[in-house]
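Peer 1: Let me begin by handing over the structure; questions about it come next.
Nothing in this text is a laboratory measurement; each read-out follows from the coordinates by a stated rule. In this text the structure is predicted, and so the values were computed from the model without any measurement. Neighbour counts run over all protein chains shown; Cβ positions are idealised from the backbone, glycine included.
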Amino acid sequence: VIHVVVPVYNEARNIEGMIDGIRERLAGFEQPHRILIVDDGSLDGGAALARAASRPESPVEVVSHPQNLGPGAAFRTGFLRVLDSASPDDVVVTLEGDRTSDPRILPRMLRRVWEEDDHIALASCYLYGGGIVGTSLHRVGLSHIANGLMKKALGLTGLATLSSFYRVYQVRALRAMRERWGDRFITTQGFECMVEVLYRAAQLGLRISEVPMVLDGSRRAGRSKMRVLKTSFAYLRLGLRGLLGRL
Ligand SMILES: Nc1nc2c(ncn2[C@@H]2O[C@H](COP(=O)(O)OP(=O)(O)OP(=O)(O)O)[C@@H](O)[C@H]2O)c(=O)[nH]1
Ligand SMILES: [Mg+2]
């Protein structure tokens, strides 16, 4: 089974398009899929739209946090939920709810995991062939700085993109992390949680590979949900924890 986990916060304008896009790509595979939306205290009715988009051959389930807890908690909720019932050969696809995760590269990411047995495949905008368009310059700058600092602080220099939400995980890999760190395998609350997960994967020596993607910010309706200052501090804190051996 392909489990799709999508954290969303006020993405009512994008959620149906996101579901359609991923569904269209997954329809070509013989493996069944199911979509889990982790709605994090949205107030824009997106959860109802997602529920209404459920189809027998492509079920959509929504779990809701009553209030906004951040992407870290949302991924933890989503992963733990999937791990409860998934079988070891299943995979988990995570993506952004704002339509910026390009479904066209998904088959390639899945092949990495299925055929080459990579534990995790990352969509990578900093890899050769990837890129960022339709996004403001200061956001791209912040992203570069965060990626660069994190690589140095956490010893992840071999990877090009650390922060992307768009990934494919073997269920085995997520289980290995949960076995080692328990439910605290994600301790961070914000967007830095994706870097924390990679750090843990690297601690376990898991195989991680990257597939280039052009991230087109103009595909999203509405504004970014990422708060730049808050996220910058969160990255610094994560880097320090790594350097001090407190991760
Ligand atoms: N569950 C949850 N999801 C969130 C939260 N904030 C953002 N998201 C979702 O996480 C995804 C990424 O958020 P974006 O606002 O696109 O952030 P980004 O892609 O890192 O930054 P931009 O390039 O500026 O868009 C989207 O699907 C959001 O709906 C949150 O607090 N909780
Ligand atoms: Mg985005």
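Peer 1: Is it the case, given these coordinates, that ARG139 is among the charged types (D, E, K, R), in contact (Cβ under 8 Å) with a residue 12 or more places away in the chain and within 16 Å of ligand 2 (Cβ to nearest atom)?
Peer 2: The answer is yes for ARG139.
Peer 1: Follow-up question, since we're still on this one. When you scan the stretch 98-110, do you find a residue that is in contact (Cβ under 8 Å) with a residue 40 or more places away in the chain and among the hydroxyl-bearing types (Ser, Thr, Tyr), even just one?
Peer 2: Within the stretch 98-110 (the criterion being in contact (Cβ under 8 Å) with a residue 40 or more places away in the chain and among the hydroxyl-bearing types (Ser, Thr, Tyr)), the answer is yes, since at least one residue qualifies.
Peer 1: Something else about it: For the subset of the stretch 4-59 comprising residues that are hydroxyl-bearing (Ser, Thr, Tyr) and surrounded by 17 or more Cβ atoms within 10 Å (Cβ to Cβ), which member is farthest from ligand 1 (Cβ to nearest atom)?
Peer 2: So, considering only residues that are hydroxyl-bearing (Ser, Thr, Tyr) and surrounded by 17 or more Cβ atoms within 10 Å (Cβ to Cβ), the one farthest from ligand 1 (Cβ to nearest atom) is SER58.
Peer 1: Taking the stretch 49-71 only, how many residues are farther than 27 Å from THR188 by Cα and out of contact with any Lys or Arg (no Cβ under 7 Å at 6 or more places or on another chain)?
Peer 2: 8
Peer 1: Of everything in the stretch 97-119, what is within 16 Å of ARG23 (Cα to Cα) and more than 16 Å from ligand 2 (Cβ to nearest atom)? Give them in sequence order.
Peer 2: Correct list: ARG104, LEU106, PRO107, ARG108, MET109, LEU110.
Peer 1: Check the stretch 157-164 and report whether any residue there is surrounded by fewer than 19 Cβ atoms within 10 Å (Cβ to Cβ), over 18 Å from the mean Cα position of the chain (by Cα) and closer than 28 Å to TRP114 by Cα.
Peer 2: Within the stretch 157-164, one or more residues are surrounded by fewer than 19 Cβ atoms within 10 Å (Cβ to Cβ), over 18 Å from the mean Cα position of the chain (by Cα) and closer than 28 Å to TRP114 by Cα.
Peer 1: Evaluate the following for ASP84: is it surrounded by fewer than 21 Cβ atoms within 10 Å (Cβ to Cβ), of a type outside the set (Val, Ile, Thr) and free of Cβ contacts under 8 Å to residues at least 12 places away in the same chain?
Peer 2: Yes, satisfied.
Peer 1: If you don't mind, there's one more thing I want to ask. Which residue is nearest to ILE120 (Cα to Cα), if the candidates are limited to the stretch 194-218 and must be surrounded by fewer than 18 Cβ atoms within 10 Å (Cβ to Cβ) and within 16 Å of ligand 1 (Cβ to nearest atom)?
Peer 2: Here the answer is VAL214.
Peer 1: I've got another one for you. Looking at the stretch 171-188, is at least one residue surrounded by fewer than 17 Cβ atoms within 10 Å (Cβ to Cβ), of a type in the set (D, E, K, R) and within 16 Å of ligand 1 (Cβ to nearest atom)?
Peer 2: no
Peer 1: Next question. Going by what's in this entry, would LEU43 be described as part of a loop (DSSP other than H, G, I, E, B) and either closer than 29 Å to GLY222 by Cα or over 18 Å from the mean Cα position of the chain (by Cα) (or both)?
Peer 2: yes
Peer 1: For the stretch 205-232, name all the residues that are in a helix (DSSP H, G or I), within 20 Å of the chain's Cα centre (by Cα) and of a type in the set (A, V, I, L, M, F, W, C).
Peer 2: Listed by number, the list holds a single entry, VAL228.
Peer 1: While we're here: Any residue that is touching a Phe, Trp or Tyr at 6+ places or on another chain (Cβ under 9 Å), over 26 Å from GLN67 (Cβ atoms), without any contact (Cβ under 8 Å) to a residue 60 or more places away in the chain and not aliphatic (A, V, I, L, M) - is there at least one of those in the stretch 236-246?
Peer 2: There is no residue in the stretch 236-246 that is touching a Phe, Trp or Tyr at 6+ places or on another chain (Cβ under 9 Å), over 26 Å from GLN67 (Cβ atoms), without any contact (Cβ under 8 Å) to a residue 60 or more places away in the chain and not aliphatic (A, V, I, L, M).
Peer 1: Still on this structure, I have one more. Would you please name the residue that is farthest from ligand 2 (Cβ to nearest atom), looking only at residues in the stretch 171-227 that are polar (S, T, N, Q) and closer than 20 Å to ASP102 by Cβ?
Peer 2: My answer is SER209.
Peer 1: Now a separate question. All but one of (1) farther than 26 Å from PRO88 by Cα; (2) among the charged types (D, E, K, R); (3) touching an Asp or Glu at 6+ places or on another chain (Cβ under 6 Å) hold for ASP102, so report the exception by its number.
Peer 2: Just one mismatch for ASP102, condition (3).
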